[in-house]
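The values are calculated or read from the model by the stated rules, or taken from the named source; none is laboratory data. On a predicted model such as this, the values are computed, not experimentally measured, just so you know. Neighbour counts run over all protein chains shown; Cβ positions are idealised from the backbone, glycine included.
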Amino acid sequence: MSITSTAPKCSRLLRLLRIQNPNCRASFIHLATEKPSAHRLPKALPSSSPAPPPPSCSPFIAQLIEVLKSEDNGSSEENEKLVEILTSLGIHSLSSDQLLQITRRLPDASTALNFLQHLRSNSPCPDDDSLSSVFEAVFELASREPNSGDKLMELFNTSKQLNLPLTVCSATLLIRCFGKGKMVDKLMLVFNELEPRKRDCDVRNVLVDELLRNGCLDDALQVLDEMLQSNAQFPANENTRRIVFDGLFKGHKYERRMSEKEIVELVSKFGAHGLFPDSIRLTKWITKFCRIGECDSAWDLLHVMMDLDGPLEVASFNALLTGLEKNGQFKKMNLLMKEMKDKGILPNVVTMGISINHLCKSRRVDEALELFEKMRAGEVGVTIEPDVIIHNTLIDGLCKVGRLEEGLALMRRMKSENNCLPSTATYNCLIDGFCKAGELEKSVELFHEMGKDGVQPNVITVNSLVDGMCKHGRAGSALEFFKEMKEKGLEGNAVSYTALIGGFFAVNKINKAMELFDEMREKFTPDAVVYYTAISGLTLAGRMDDAYLVFSEMRKAGFQPDIGCYNVMINGFCKTNKIDKAHEMLKEMTRAGMKPDNFTYNTLISYFSKNGDLKTAHKMIEEACNPDYMTLEILTEWLPGVGEADKLRKFVQGYKISDSTRSCYPQFCGQSDLSKYR
């Protein structure tokens, strides 16, 4: 798109300026009478110039409209009339705003560009500021047309050729359009073309926004650095804060990842200008930092806010307390609680829940109960009524330290006070606790009470009861309960099946266990735990062929056996006198990068000693890390029985054996010899 060097004839001008909208008379009259905006004050005329007709002269504007609307506007009569009207208006005396509004009403960018050329050819020509305003409208019209990015770039080059400076609005429009069109290399080009005095905060905000949207993190940070200087000509403002913090949290795909330390530093720089992230964003940042193990950065971020007197709410402290607790930084937790108090940040029910949870996990249940009562009595600075989560945390803590009756009493207190009714999780804590303690009748009683209270059980409830019954030899009852729950619409999961399979293996009902194993494989994808359960059960039952089939299936499913699984298989093959298979397992384990441990060697030493192969047994001892209690137990069981007591003494000589093991076998490891083994 280019401009011709000669002025168009009036008849051409009429064609170019024809306005199709019949209702445009009112808009032009309003245009002529409206006041120019503060950003577009007209340039003062020299005192010697004759006073032009006032631009608010609506009859002239109305006549201009009529001429532009005329279907016969190419006639010489109409041309003369148009020239007369433009002369009467004194086009050079119109303000920048008025020229801008006139140009905006033209049908397209090409027409507007020709109108600009007419103005430049008019004598006297409007000043550069007025022409820049007209070009602003040209940019606006071009931005609405197809392939606007390329057209705008061409117009941008044209404005430079004509030596017309960009307006702030033109630069903003170009930056927005180029950013939307992914023409990233053009963003800084437009910004640098803008006069320094016009590179204000608003333009910079738009530039930073588009750079962030297009992933140009380092370029955006460079622009920000200028805005965040203590003596910045155009310092960051509230819009800058919103754009930057929103952009960083939305997770645009930057050319590199911004580190947590960089974010902390950026927040600090904004804070020096009195600009801070809001509480929600700050809390989300702290939570995210803690989740990825950057608790120190989360700590620094919150303390930047504290040091600069930024707005703080208890939610941000709670987020950091949660992260510190999960990462085991308990000293910092205590320090942060003290700083909360010093800052006048009152704890809420979440804060108390975090503290009580920490105390319960540390098995400091009495301290947790004490804090619970202080919270209710208002002795923590504010009266806080505990919610069901805090009650559940305490009940679970009591159950885990074996204080089941106290946990049950606390649930009864919840029900009697009627302000915090027990939930499914409340009952699950107690049912699981009583199951683990072997009090199955109490667990079943609580399950029925749960139903009477209208609290719905879930799969965790089912798994706790099934596991408890299976571990206490009641696999049949567990299966019956499991089926009953299934009929009521409460399906178990892979955990339920794993417990049942282990339970039936434990009572030597191998076929039933394998039946459940096959049933589970039809419904769920088995995990490593259930495979290991089946392998262990089959091995104990001496069904090594079946155990090896499950072992092979586990590897095909993508699970790598651990050393415990290999040891179970080696032990099973040794007990069934399949030493070749045991050696095969040993070699495979070594190829997988696992070093045999004492359990592996003791299994093999026991097999070879039992079968009289003392040479191989001795070799196994030499390969082992160090003989332990079990090694000597095996040797004392088999070697003296075949007249090899002297050889046994020789076996243990030179090996580093623990004091506890020596004390059990003083006949072979005399106390007088201890010093040389330390």
Do we have any residue at all in region 328-342 that's part of a helix (DSSP H, G or I), farther than 25 Å from residue 224 by Cβ and touching a residue at least 40 places away in the same chain (Cβ under 8 Å)? yes
Residue pairs meeting the criteria (Cβ under 6 Å; at least 6 apart or on separate chains; first under 12 Å from residue 129 (Cβ atoms) and touching a residue at least 40 places away in the same chain (Cβ under 8 Å), in region 92-113; second small (Gly, Ala, Ser) and part of a helix (DSSP H, G or I)): 96/130; 96/133; 100/133; 100/137
Out of curiosity, is residue 377 closer than 22 Å to residue 351 by Cα and hydrophobic (A, V, I, L, M, F, W, C)? yes
For region 215-249, which positions are hydroxyl-bearing (Ser, Thr, Tyr) and modelled with pLDDT of 90 or more? 240
Count, please, the residues in region 369-390 that happen to be touching a Cys at 6+ places or on another chain (Cβ under 9 Å), surrounded by 13 or more Cβ atoms within 10 Å (Cβ to Cβ) and either of a type in the set (Asp, Glu) or under 13 Å from residue 355 (Cα atoms) (or both). 3
Would it be correct to say that residue 512 is in a helix (DSSP H, G or I) and under 40 Å from the mean Cα position of the chain (by Cα)? no
If you go through region 524-549, how many residues are over 23 Å from residue 471 (Cα atoms) and either over 40 Å from the mean Cα position of the chain (by Cα) or assigned to a helix (DSSP H, G or I) (or both)? 5
Anything in region 95-119 that is assigned to a loop (DSSP other than H, G, I, E, B) and buried (at least 20 other Cβ atoms within 10 Å of the Cβ)? List them, or say none. 95, 106
